Amino acid sequence: MTAYSNLEELIIDSNYLKTPLTKLVLGNQPWLRKLDTSNSRLKIIDVSSCVELEDVINLVDFVGFTPEGFIEVIGWKNTKNFRIFEAHRRSLMTQEERDEEDRQNIELAELEREIAKYRAEVEASRSRWCKIL
C-alpha cells in the first residue's frame, strides 16, 4: 500500500479479489482517514503509520469480531481515533479516577525504567564475561 501514500479513504471488498486478503499492512498512509473492511476476510490489519485514521467501519474499538472471526489491528493507539476515544474516556472519569490512573501510569513508567536499567546491567555483565572467556 505504500505506493498509494495519498489515500484518504480505503475500502477493502473481498468480492473483487481473486484470493481472499487476510493480512493488510497499510504502511505510511499519512492522509488515510477512513478504512472500510466490512466486506473482507481480514484477520490482521497494521495501521501503525496511519495517524489521521478516524473512521473505521467493521471494527469495534479497532479489535473485534466479524463473520470470519477475530480481527487483530496493530498500531491502533497511534491513530487519531484512539486519541479522540482516549480524551472522551478520560472526560467521563471523576477527578479521583484520573488521579489514580495517572499514579498507576507513573508507577508503570518507573517500573519500565527499572527493567531497562536491569537489562542494561545484565548485558554489561554478559559482555564482561564474554571477554574473560
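Using 0.36 nm per residue, how much length does the chain from Glu114 to Trp31 gain when fully extended, once their Cα-Cα distance is taken away?
Taking Glu114 through Trp31 to full extension adds about 26.1 nm, to one decimal.
Gain in length, Asn6 to Lys80, computed as 0.36 nm per residue apart minus the alpha-carbon separation, to one decimal in nm?
Stretched out fully, the Asn6 to Lys80 stretch lengthens by 24.9 nm.
Mind ordering 106-113, 19-26 by average Cβ neighbours within 10 Å, highest first?
Per-residue Cβ counts within 10 Å, averaged per peptide and sorted highest first, yield 19-26, 106-113.
Are any of the pairs Lys43/Lys77; Lys43/Lys80; Lys18/Lys43 more than 24 Å apart by Cα-Cα distance, and if so, which?
none
Ranked highest first by average number of other Cβ atoms within 10 Å, how do 4-10, 40-46 line up?
Per-residue Cβ counts within 10 Å, averaged per peptide and sorted highest first, yield 40-46, 4-10.
Rule-based calculations on the coordinates, nothing more; no lab input. Just so it is clear, the structure is predicted and the values come from calculations on it, not from any experiment. Virtual Cβ from ideal backbone geometry, glycine too; neighbours counted across all protein chains shown.
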